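Structure record follows, encoded as structure tokens.
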Amino acid sequence: METQKMQNENYTNLYTIIANSTILFMLAYIFVYSFPLIATEYVATKYGIDIRFKNYTIEYLTPNDSPLWNKDNIIAIFAVGPAITFFMSFFFWYIAYELRGTKGLFKLFFTWVYILAFNLTFGGLIAGIVTLDGLLYVFNWSGLSPGLALILGIVSGFVLFFIGRASKVSFLRAAYNRDWILMPRAQIIFKLRVIYLPYFIGSLVLFAVGFPAHSLFYLLQIATLIIVFLPTMSYYSPDEIRLSKIKNKQYLAFGFIILLILHFTILTLFVKL
């Protein structure tokens, strides 16, 4: 009877862990995405550039040949978003580092936040090189050579790979039970539930609701997360993580679900006002 009860709990935990991490992935993505969107809208309006929101992205209504456009405001408008996410990357990485002894969903949320902030910065640069959009637009107006942009793209790939190596421990520390990550196979299963499936499911849900726009730039930007996740596949000794064996029982993160709904609703109302 006791064995059957433990099997039922583990079966339930499988779906609860996936659901919780998926919720945190989507909340972190919307949270990180909101700041550069609002900052870009503010700077564009300050320079008198007419805009409108379309599918949670900014569409510029001021014609390209308008005298309102000049080199300085083009750089300011298109650089403020990446600058915000660059700052957020290291700020939330620092917070996650300070919470290194913390376990569970709170730790997992900040792990997703700093990873997605780094991805919006460096993954966005890689996507921009392919689509000639995003931060590459700033580089072109700044007079930087295409060769330098390519080098920065390669460096960005290495940065994302390094972030993946560093974040592997953060994801494993989100485990509630040392037994879940004790053996290599157990770690793979745990990371499948906490990293890979939430990324895949969360990305599909965001795509389904049109967040953000269905453009090649944003699809490539979120696809570059694969670079981050590649180094997380390797095994890491649980002894170095210092997890203790505690209760197996997992609960659905209703508080984070409410935050996700509220944040998405507020952002939706913001872009429609």
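The values are calculated or read from the model by the stated rules, or taken from the named source; none is laboratory data. Computed from a predicted structure; not experimentally measured. Cβ atoms come from the backbone with ideal geometry, glycine included; neighbour counts cover every protein chain shown. Accessible surface areas use protein heavy atoms only, side chains included; no ligands, DNA or RNA. Shrake-Rupley method; radii C 1.70, N 1.55, O 1.52, S 1.80 Å.
Can you tell me the FRET efficiency between residue 258 and residue 185 if r is taken as the Cβ-Cβ distance and R0 is 35 Å, rounded to the nearest 0.05?
Efficiency for this residue pair is about 0.50.
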#### Entry: Computed FRET value (nearest 0.05) for residue 130 with residue 192, which takes r as the C-beta separation and R₀ as 35 Å
0.75
### Message
What is the percent carbon and sulfur in the accessible area of the chain, measuring with a 1.4 Å probe over the protein chains and ignoring ligands?
### Response
69 percent
#### Entry: Simple spin-label estimate for residue 64 and residue 266 in nanometres, 7 Å along Cα-Cβ
3.7 nm
### Two-site FRET efficiency, residue 106 against residue 161, from Cβ-Cβ distance with R₀ of 35 Å, rounded to 0.05
0.85
### Stretch gain in nm, segment residue 239-residue 150, where the contour uses 0.36 nm per residue and the Cα spacing is subtracted
28.0 nm
### Alpha-carbon spread of the chain, three principal axes, descending order, Å
77, 40, 30
### Query
By Kyte-Doolittle mean hydropathy of at least -0.5 and Cα axial length of at least 18 Å, which whole DSSP H helices of the chain are selected?
2-46, 71-98, 105-118, 146-172, 254-272
### Shape metrics for the range 22-125, restricted to C-alpha atoms - Rg then Dmax, Å
16.2, 55
#### Entry: Inter-probe distance in nm under a simple model that places probes 7 Å from Cα toward Cβ, at residue 208 and residue 97
3.8 nm
#### Entry: Gain in span if fully extended, residue 53 to residue 75, counting 0.36 nm per residue against the direct Cα distance
5.9 nm
### Task
Using packing as a proxy for protection, rank 182-188, 60-66, 73-79, 117-123 so that the peptide with the highest average count of other Cβ atoms within 10 Å comes first.
117-123, 73-79, 182-188, 60-66
### Message
Report the gain in length on full extension from residue 42 to residue 200: 0.36 nm times residue separation, minus Cα-Cα distance, nm rounded to one decimal.
### Response
53.7 nm
### Query
Going from most exposed to least, what order do 234, 167, 203 have by accessible area with a 1.4 Å probe?
234, 203, 167
#### Entry: Charge dipole of the chain about the Cα centre (unit charges at C-beta), most positive-ward option of 209, 170, 268
170
#### Entry: Cα→Cβ-extended label distance, 7 Å offset, between residue 230 and residue 35, nm
2.7 nm
### Task
Mind checking the per residue accessible area of the chain for me, 1.4 Å probe, whole number of Å²?
52 Å²
### Query
Where does the chain land at 222 nm, in deg cm²/dmol rounded to the nearest 500, when only DSSP H runs of n ≥ 4 count, each adding -39500 (n - 2.57), divided by all residues?
-22500 deg cm²/dmol
